[in-house]
Amino acid sequence: MRASSIWLWLALLPACGFEAPAPTPGDDPEDPYPGGAPPTDPTEPPSTARHCSTTDTALRLCLDFDDQTTIGSDGSTFNNPATCTAITRMPRSHDGVTEQAGLLSPTSRMTVAESADLDIASNLTMTMWARPMGYPKRGNAYWLLDNNRQYFAQYLPNGKFRCGIGTTTVDAEVGVQENRWYHVACTFDQSTSSLRVYVNGHLAGCRAIATPIPIDGTEGISIGSNLDAGETFSQPFVGGLDNIQVFNRTFTSSEVCGDASNSGCWASCL
């Protein structure tokens, strides 16, 4: 894709903060996807509607922050709830519908216990909405999700999202702005040797890798921070996260585009 095309779709991209009042979702008149939430059943109260793809049997984890009883409730059928500390809710709106998102600070912790359900070797999709507040310091990263030594997603100091499996990573070819919601997706398909990163449904980076995803990690998953052996946390994400989903199958480009509530997405590697 030519550089001019890259910056054109960057301009169209639609990201929450802590330590300051959360901006009102959808308050940017130039944001074509304010809030970025998929539509919900209008007969359900917005405060209780769930947004997990429970009809997809490949869904292994879904944290959507919409369960009013337990903030870390897993909306998948596999029952992998998250243990949460210092996480509050914030609204995220789209098309007149408001749902709940998680608001994370540097002291927040959100962990999912080790489970064989989440040890995924050959076909993987991670999707989520992220609204970073500010940029990480140089040499660091905001970690969106980390299944230690297996698969992960990050937000980098240059404003780019990164997906990784094992020690292999792929970066989005374009950066994004702070304090705006973005849909981020990572996919891996061992049969096609392809690791991909998507932003707002657009295919933003590809890398060829034929080896399977390591499944030897035993620490579980951390949402919003890097997780190392011995349950050591570092490089926390500061901002909003929502609809964090992990599947043991590889989404097509059109499926990622739809999950991002978008259409006409670019689907060719840059």
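The values are calculated or read from the model by the stated rules, or taken from the named source; none is laboratory data. Keep in mind that this is a model prediction, so the values were computed, not measured. Don't worry about glycine lacking a Cβ; one is built from the backbone with ideal geometry, like all the others, and counts go over all protein chains shown.
Overview of values
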read-out: Number of positions in region 136-172 that are among the acidic types (Asp, Glu) and more than 13 Å from Ala185 (Cα to Cα); value: 1
read-out: Scan of region 155-186 for residues that are touching an Asp or Glu at 6+ places or on another chain (Cβ under 9 Å) and among the hydroxyl-bearing types (Ser, Thr, Tyr), ordered by number; value: none
read-out: Ser263 vs. criteria part of a loop (DSSP other than H, G, I, E, B) and among the hydroxyl-bearing types (Ser, Thr, Tyr); value: yes
read-out: Selection from region 253-265 of residues that are surrounded by 18 or more Cβ atoms within 10 Å (Cβ to Cβ) and farther than 15 Å from His94 by Cβ; value: Ser253, Glu255, Val256, Cys257, Cys265
read-out: Where a residue in region 88-99 is of a type in the set (Val, Ile, Thr) and its partner, wherever it lies, is surrounded by 18 or more Cβ atoms within 10 Å (Cβ to Cβ), with Cβ under 7 Å and at least six apart; value: Thr88/Leu103; Val97/Ala37; Val97/Thr40; Thr98/Pro91
read-out: Candidate set from region 216-260 (those that are of a type in the set (A, V, I, L, M), under 28 Å from Gly139 (Cα atoms) and in a loop (DSSP other than H, G, I, E, B)); member that is modelled with the highest pLDDT; value: Val238
read-out: Residues being outside any strand (DSSP E or B) and out of contact with any helix residue (DSSP H, G or I) (no Cβ under 6 Å at 6 or more places or on another chain) - total across region 202-215; value: 6
read-out: Filtered residues of region 155-171 (kept if closer than 27 Å to Asp216 by Cα and within 16 Å of the chain's Cα centre (by Cα)); value: Tyr155, Leu156, Phe161, Arg162, Cys163, Gly164, Ile165, Thr169, Val170, Asp171
read-out: Some residue of region 182-199 being assigned to a loop (DSSP other than H, G, I, E, B), buried (at least 17 other Cβ atoms within 10 Å of the Cβ) and either touching a strand residue (DSSP E or B) at 6+ places or on another chain (Cβ under 9 Å) or modelled with pLDDT of 95 or more (or both); value: no
